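First the structure, in the form of structure tokens, and then the observations on it.
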Amino acid sequence: MAQEGYDQPGYWFIFCKGELLLERTSGGSLTVPWGIKPPVELAEWNIVHRLTPLDGKECRTVAVSRPVIDDDRYAMIGLRASFDVLPRGLYLKAGKGAEILYWDSTTRYCGVCGAPMKLHTDISKRCTNCGKEVWPQLATAVIVLVRREDSILLVHSHNIRGNYYGLVAGFVETGETLEECVQRELMEETGIRVKNIRYFGSQPWPYPCGLMVGFSADYVEGNLRLQRSEIAYGGWFGRDNLPDIPGKMSMARMLIDAWLEDGLPDRVCG
């Protein structure tokens with residue numbers, strides 16, 4: 001419940017319409033509010049969700065209906081923008097908070113019988129009528145850096161804001177492996193085939209509830225044929241003619257930076 005008491009301090013990840021409430025420190029930086037009580041007054045209908053601890057410290061998240069704009073102690077900032085001002089641990093925990101709140105807002109009623117759902121554990125709900133349980137669902141996506149000799153494939157998708165180029169990416173479909181998804185997305189969106197698919201890493205992508213899995217691969221054959229419904233433009237780029245690329249928070253940038261530093265893995269998947 002909104003006014004549930006807490007016996008120890010914790011981080012408060014408070015969101016309003018996608019923006020995160022941050023507190024100004026005496027040194028002028030921004031951080032996540034800390035304390036036993038929430039930094040803003042909550043209504044009876046605001047549900048506080050417990051998150052897994054961060055370095056042994058309690059974490060809570062709650063969605064409010066009004067942004068805090070009349071208090072100089074605080075600032076509202078988008079989750080993506082918070083990557084540039086928060087330590088990695090706090091940013092990742094804020095992302096988890098955003099995902100939990102999204103899940104809570106989209107699972108209010110049972111998909112089987114339509115009755116209201118009620119929190120059962122911190123990460124599950126149970127139908128008040130038929131007893132069906134649900135948990136937060138992840139949308140898994142792959143992203144791949146393709147190498148062709150001394151160049152890589154970069155594309156600009158229609159859903160990317162700004163003018164920078166990124167990597168081919170797409171959601172994993174039911175019944176396919178991650179490696180099959182890499183091959184399918186590349187063929188559908190660019191018309192090329194690859195080999196030596198290598199796992200690189202993964203990251204939570206809470207926009208709104210994803211897991212991004214990164215790979216690298218080597219070009220085999222195929223003329224570049226862009227799927228115009230998905231990709232506006234793209235091409236092969238070398239180290240000396242790279243266009244604008246994504247910011248450092250993204251898996252795309254991690255892959256590109258690893259390629260620039262000759263740090264991509266050698267182990268082939270499968």
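The values are calculated or read from the model by the stated rules, or taken from the named source; none is laboratory data. This structure is a prediction, so every number in the text was calculated from the model and none was measured. In this analysis, Cβ positions are derived from the backbone assuming ideal geometry, glycine residues included, and neighbour counts consider all displayed protein chains. These area figures cover heavy atoms from the full protein model, side chains too; ligands, DNA and RNA do not enter into them. Shrake-Rupley method; radii C 1.70, N 1.55, O 1.52, S 1.80 Å.
Data overview
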quantity	calculated
Nearest-ten-degree value, helix 88-106 long axis tilted from longest Cα axis of the chain	70
Summed residue charge, Cβ within 14 Å of Arg66's Cβ, Lys/Arg positive, Asp/Glu negative	-3
³J(HN,Hα), Karplus 6.51/-1.76/1.60, whole Hz, each residue of segment 213-225, x for Gly, Pro	10, x, 9, 10, 7, 10, 4, 10, 6, x, 7, 5, 10
For Glu176, net neighbour charge (Lys/Arg +1, Asp/Glu -1) across residues whose Cβ lies under 11 Å away	-3
Label-point separation in nm, Thr140 to Tyr109, each point 7 Å along Cα→Cβ	3.1
Amide H contacts under 5 Å for Gly210, placed H, 5+ residues apart	Ala139, Trp205
Spin-label proximity, Lys132 to segment 97-121 - amide N less than 13 Å from point 7 Å beyond Cα toward beta carbon	107-118
Segment 89-168, accessible surface, carbon-and-sulfur percent (1.4 angstrom probe)	48
All Cα pairs of the chain, percent lying beyond 22 Å	63
Helix-only [θ]222 nm of the chain, DSSP H runs n ≥ 4, -39500 (n - 2.57) each, per residue, nearest 500	-5000 deg cm²/dmol
Virtual spin-label span in nm between Val85 and Glu261, 7 Å along Cα→Cβ	2.7
Ordering of 11-18, 62-69 by packing [mean C-beta count within 10 Å, highest first]	11-18, 62-69
Accessible heavy-atom area order of Glu221, Glu58, highest first, probe of 1.4 Å	Glu221, Glu58
Cβ-Cβ FRET estimate between Leu242 and Lys17, R0 fixed at 25 Å, reported to 0.05	0.10
Pair Glu221, Asp72: separation of 7 Å Cα→Cβ label points (nm)	6.9
Degrees, to the nearest 10: 251-260 long Cα axis against longest axis of the chain	40
Accessible surface, the chain, averaged per residue in Å² (probe 1.4 Å)	55
Cut-off 14 Å between beta-carbons: net charge of the residues surrounding Gly111, Lys and Arg +1, Asp and Glu -1	+3
Accessible surface of Leu178 - all protein chains present, 1.4 Å probe, nearest 10 Å²	60
Sequence ranges 236-249, 155-168, ranked by mean other-Cβ count within 10 angstrom, highest first	155-168, 236-249
Shape call, segment 147-270: gyration tensor on alpha carbons, a/c limit 1.5	rounded
Acute angle (nearest 10 degrees) that the helix 178-190 long axis makes with the longest principal axis of the chain, alpha-carbon atoms	60
